[in-house]
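Scroll down for the structure; my scribbles are underneath it.
The values are calculated or read from the model by the stated rules, or taken from the named source; none is laboratory data. Quantities reported herein were computed from a predicted structural model and do not represent experimental measurements. Glycine also receives a Cβ, built like all others from the backbone with ideal geometry; neighbour counts cover every protein chain displayed. These area figures cover heavy atoms from the full protein model, side chains too; ligands, DNA and RNA do not enter into them. Shrake-Rupley method; radii C 1.70, N 1.55, O 1.52, S 1.80 Å.
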Amino acid sequence: MNLEIVPTGAALGAEIRGVDLAQPIDEATFATIERAYDEHGVIFFRDQRITAEQHVAFTRRFGEIAYNIFGQRWSVPGCPEIVVVSNITDDGKPIGIRRAGEYWHSDMCYTARPPRGTILYAIETPELLGLPLGDTEFASAAAAWDALPESLQQRLLGRRAVFDFTARKRAFPPKPEEILVNPPVRHPIVRTHPRTGRKCLYVMRDDCAAIEGLDAEEAEALIAALADHIVKPQFIYRHRWRPGDLLMWDNCTVQHRAIQDYDLPQRRKMHRTTMGGSVPV
Ligand code: OGA
Ligand code: MN
């Protein structure tokens with residue numbers, strides 16, 4: 001394979017060219033892909049044609065699979081590792097999670113071991129007059145950390161926030177049993193990437209309910225200020241999807257949101273896997 005890494009020019013993200021994910025990937029090629037992933041936070045491959053099994057096998061190259069809590073309701077039949085993210089209904093029934101990730105977040109940050117990363121494979125993407133809709137925006141929480149004044153960095157280091165699964169409004173309500181298995185957890189608001197050592201902000205307005213050692217008002221103001229800082233335009237890459245894109249992001253250094261600027265009959269269908277992660281430090 002003639003692998004080429006083409007950075008997006010934004011604060012994060014790179015396209016990987018010359019790789020066919022339907023073919024076996026040798027160790028050296030995989031190591032190059034994994035390095036690019038660690039370095040750029042978001043990587044994507046265009047024009048892929050892969051089966052659900054190949055998608056799962058590629059995910060496993062990065063370690064164990066993490067099972068999404070909503071996956072039981074919306075996985076691909078016979079393939080519990082893949083969750084369908086879609087606005088399509090079949091016979092009036094949704095085929096996948098609708099309006100997933102509409103507001104800025106990092107996946108499953110309310111769990112004790114959030115997934116290392118998430119992989120989306122685009123099967124159908126919406127458009128209007130040939131213009132792509134349903135983009136996804138990605139923000140570099142690492143670049144956002146680097147840009148903070150040192151005095152503020154010092155104030156944040158060592159602090160932890162309470163991440164509460166029930167704090168965020170979702171397009172569909174979690175079931176009581178889903179809430180029960182996700183009690184509030186505490187994570188550092190400045191994370192160190194387990195592979196690169198890079199520091200990044202780990203604060204989500206809709207998931208962080210409190211900050212240890214701060215009263216409610218101070219905590220709310222700090223969470224809001226940092227959440228707004230992370231998503232400033234200079235830290236963002238916006239991905240315009242094409243069918244056949246396989247894109248993956250790092251849930252430590254990157255936050256993301258789905259742009260909901262389309263509706264049926266415009267159809268969007270993604271296959272999603274998540275990789276096991278570690279306890280944030
Ligand atoms: C997700 C997610 C965004 C999108 O799958 O975790 O946030 O654009 N998806 O589908
Ligand atoms: Mn998400």
Rg(Cα) / (2.2 N^0.38 Å) computed for segment 47-193, rounded to two decimals: 1.22
Accessible surface, per residue, of segment 4-274 when the full set of protein chains is kept, probe 1.4 Å, Å²: 47
Karplus-derived HN-Hα couplings along segment 200-211 (A = 6.51, B = -1.76, C = 1.60, θ = phi - 60°), whole Hz, x at Gly and Pro: 8, 6, 10, 9, 10, 3, 8, 10, 8, 9, 6, 10
Relative contact order for segment 160-216, counting Cα pairs under 8 Å that sit 6 or more residues apart, in percent: 50
Segment 198-261: GluC sites (Glu not before Pro) falling in loop per DSSP and having at most 13 other Cβ within 10 Å: Glu212
Computed over segment 102-215: relative contact order in percent, which uses C-alpha pairs under 8 Å that are six or more apart: 33
Loop-resident sites, segment 1-71, for trypsin sites (Lys or Arg not before Pro), counting at most 16 other Cβ within 10 Å (DSSP): Arg46, Arg49, Arg61
Estimated distance in nm for a label pair at Tyr103 and Ala31, the labels positioned 7 Å out from Cα along Cα-to-Cβ: 4.4
Solution diffusion estimate, µm²/s, Stokes-Einstein, segment 131-280, Kirkwood Rh from C-alpha pairs, 4 °C, viscosity 1.567 mPa s: 76
Carbon + sulfur, % of accessible area of the chain - ligands and nucleic acids excluded, 1.4 Å: 51
Segment 111-153: chymotrypsin sites (Phe, Trp or Tyr not before Pro) in DSSP loop, at most 13 other beta carbons within 10 Å: none
Stokes-Einstein D in µm²/s, Kirkwood radius over Cα pairs - the chain at 10 °C with 1.306 mPa s viscosity: 82
